[in-house]
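Could you have a look at this structure, given as structure tokens, before my questions?
We did not get these values from a lab; they are worked out from the coordinates using the rules stated. From a predicted model like this one, the values you see are computed outputs, not experimental measurements. Backbone-built Cβ (ideal geometry, glycine too); neighbour counts: all protein chains shown.
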Amino acid sequence: MITTSSDYKTVRIVSLMITHSCNLNCVYCFEKHKDFGKRMMSFETAKEVLQKEFDLFKTMERESNDRLAIEFFGGEPMMNFELIKMVYEWVKGLDLPFPMMFQATTNGTLLTESALEWFTSVKNDFRIVVSIDGDELMHAANRGVSMSKIPTDYIVKNWPNSYFKMTISKETLPRFSQGVIELTTKGYRVTSSLAEGIDWDKNDANTYKQELLKIASFYLENPQYKIEQPFDLTFDKLRYDTDVPPKNCGVGTKTLIYDTDGQSYPCHLFVPVVHGQENVRKVVDTIDFYDDKCMINDHCLKCSINKLCRTCYGYNYLDRGDIKSRNLTKCKMLLAELQIISSFQVQYFMQRKESLNLNDIEKLSDALSAYELLHNTEFDFD
């Protein structure tokens, strides 16, 4: 069964890097070795790797509502749109004995009328995730193209539960709140995150804190809007009784990506379009991604908020040659984020104290614990 219903839990994500080509050149893009048309995944390669994944998923211990997700990635996946259609039709005909879904992550500029017509015909099986980096000025600054090229209203109408991804760069940080609020009031679901691979400074951290405060105020004053990332993050990891914090993503365990030639990698930050000719497999094959101790160094292990810290292991390797070596210039940014969001969540749940369910009460308790830790601890990142 193929379904995007929220009644199912995605427990494994298999991404297909179906092309190394892209029609844009975003300022924060980590894919520095695009080949513009030379490397495209074939239908035979896609079938081969997916059949292997289907056979594996059949043998995994899982609940009846555990779902496998297939994601089309690039480059810009719409530059190999025919393969998307061929893979979908092939999988649809297999009658697999487990739930699954499809997703395409796209910049949205190549969603032609015919492409949208096809996606609409399979919209109950497919989710489209489009990158929009804020308001018109922010989007143009990051991506060099107008938002008018993206059929945003059409996407919202046909995929109301889908979301737009906003990446914040140094250039767009001062307009962060304006971008979120503008898109939210238009009826768009927007998840936002800081760009990786950037050296952030104290001024950036102060700006980020002020922008987060504006968004927090907006959510508190406009309860009709759904709270989105990063404001919906949970602080439950503080309750984990462990000396080593659990890793913050599914790299190498829950997620896997197959490059155009069928070679597998822990995630999209390790593929050749990112690293060029460097053979990262020699490094990747020595890492036990199931062992959390392999994902953090002694410096970060001593930090009192390491259970709440989010890092990109792929970027750690790309920028510093070690998945354990985190971007320490981002620490002030994350601290500002955690301080504002823990405070926001306490206020948010207290506004609704008469109607909280058990899950909400637990989240409130976790937010209170985080607030106490984050506001009563001295941090020195210099």
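Do any trypsin sites (Lys or Arg not before Pro) in the stretch 297-351 lie in a DSSP loop with no more than 12 other beta carbon atoms within 10 Å, and if so, which?
302
Please work out the C-alpha center-to-center distance from the stretch 280-318 to the stretch 327-354 and express it in whole Å.
One Cα centre to the other: 24 Å.
Moving on to the next point. If you rank 298, 291 by fewest surrounding Cβ atoms within 10 Å, what's the result?
If I rank by nearby Cβ atoms, fewest first, I get 298, 291.
Another question, then. Using the Karplus curve 6.51 cos²θ - 1.76 cosθ + 1.60 with θ = phi - 60°, work out ³J(HN,Hα) for each residue of the stretch 96-108 in order, rounded to whole Hz, and write x for Gly and Pro.
Those phi angles translate into 6, x, 8, x, 7, 8, 10, 8, 10, 9, 9, 7, x Hz.
For the stretch 77-140, which GluC sites (Glu not before Pro) are in a loop by DSSP, counting at most 13 other Cβ atoms within 10 Å?
none
Follow-up. Using the alpha-carbon centroid of each, what span in Å lies between the stretch 252-279 and the stretch 72-98?
Value for the Cα centre distance between the two parts: 19 Å.
Also, quick follow-up: Within 13 Å, Cβ to Cβ, of residue 51, how many net charges do the neighbouring residues add up to if Lys/Arg are +1 and Asp/Glu are -1?
Summing Lys and Arg as +1 and Asp and Glu as -1 gives -1.
While we're on this one: So for the stretch 314-381, taking the charge dipole from beta-carbon charges (+1 Lys/Arg, -1 Asp/Glu), which of 369, 350, 329 sits furthest toward the positive end?
329
Return, for the Cα atoms of the stretch 35-114, the radius of gyration and Dmax in Å, separated by a comma.
When restricted to Cα atoms, the stretch 35-114 yields Rg and Dmax of 14.1, 42 Å.
Taking loop as defined by DSSP and a crowding limit of 16 other beta carbons within 10 Å, which chymotrypsin sites (Phe, Trp or Tyr not before Pro) in the stretch 288-365 fit?
290
Rounded, prolate or oblate: which fits the chain when a ≥ b ≥ c are the square roots of the eigenvalues of the alpha-carbon gyration tensor, with rounded for a/c under 1.5 and prolate only if a/b beats b/c?
Rounded shape, in that the Cα axes give a/c under 1.5.
Then there is this: Using the Kyte-Doolittle scale, find the helices of the chain whose mean hydropathy is at least 0.5 and whose Cα atoms extend 18 Å or more along the helix's long axis, counting only whole DSSP H runs.
Within the chain the helices that satisfy the rule are 331-351.
Let me ask something else. Would you kindly state how much longer the chain becomes between residue 378 and residue 56 on full extension, computed as 0.36 nm times their sequence separation minus their alpha carbon distance, in nm to one decimal?
111.2 nm
While we're here: Using the beta-carbon distance between residue 35 and residue 9 and R0 = 41 Å, what value does 1/(1 + (r/R0)^6) give for FRET efficiency, to the nearest 0.05?
Given R0 = 41 Å and the Cβ-Cβ separation, E is 0.65.
If I build a Gaussian network model for the chain, linking alpha-carbon pairs within less than 10 angstrom, which residue out of 181, 340, 361 has the largest mean-square fluctuation?
Among 181, 340, 361, the largest mean-square fluctuation in the Gaussian network model of the chain belongs to 361.
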